[in-house]
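Before any comments, here is the structure.
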Amino acid sequence: MAIVDKDVKNWFINDRDEDIFVGLQLPLVLDNGEFASTKTTLEAVKQNLLNLCNTEAGERVMQPNLGVRLKRFLFEPFTDNIIIEIQNVLTESINYWLPFLTIKNIRVVMSDEQRHDYRNSLDIKIEFMLEKDDSTTDSITYTAS
């Protein structure tokens, strides 16, 4: 997970050159003998945000604080307090690990559809923008089950 070096003044690079790749797409897939890569900063940031949500805190060796503890909310009664707590946990984690993002909105919905033998799952939509460029708004949708 990349952390911005605040001493570097021009960390944000506009993605104009199609031959330069920013990061790897996950899951890892071979594309013409090479791993598929992200071509824009926004694609790489979306991959990093999805990876952060997919990582449970304490799961990563030598980085016990990396990740978000979302699975603990799956079997709790779904109330307004739980939604606020989920939003706070996500906000804290994103602000620490991806400080170059500004969170615009976090929407949390408990889905009653059956997925992967689970009756309940959290559907989370995170709308964000890059701090240095207001025009780079995007969102990801993550399902915790």
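Values as computed for the structure displayed
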quantity: Number of the condition not met by Asn65 [criteria: (1) in contact (Cβ under 8 Å) with a residue 40 or more places away in the chain; (2) outside any helix (DSSP H, G or I)]; calculated: (1)
quantity: Only one of Leu74, Leu101, Leu70, Leu90 that is touching a Phe, Trp or Tyr at 6+ places or on another chain (Cβ under 7 Å), of a type in the set (A, V, I, L, M) and open to solvent by less than 30 Å² (accessible area, probe 1.4 Å); calculated: Leu101
quantity: Any hit, the stretch 136-145, residues being open to solvent by 20 Å² or more (accessible area, probe 1.4 Å), over 26 Å from Phe21 (Cβ atoms), part of a loop (DSSP other than H, G, I, E, B) and not basic (Lys, Arg); calculated: yes
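The values are calculated or read from the model by the stated rules, or taken from the named source; none is laboratory data. The shown structure was predicted, so the numbers you read here are calculated from the model rather than taken from an experiment. Cβ sites come from the backbone with ideal geometry, for glycine too, and all protein chains shown count toward neighbours. When the accessible area is computed, the model is the full protein with side chains, heavy atoms only, and any ligands, DNA or RNA have been set aside. Shrake-Rupley method; radii C 1.70, N 1.55, O 1.52, S 1.80 Å.
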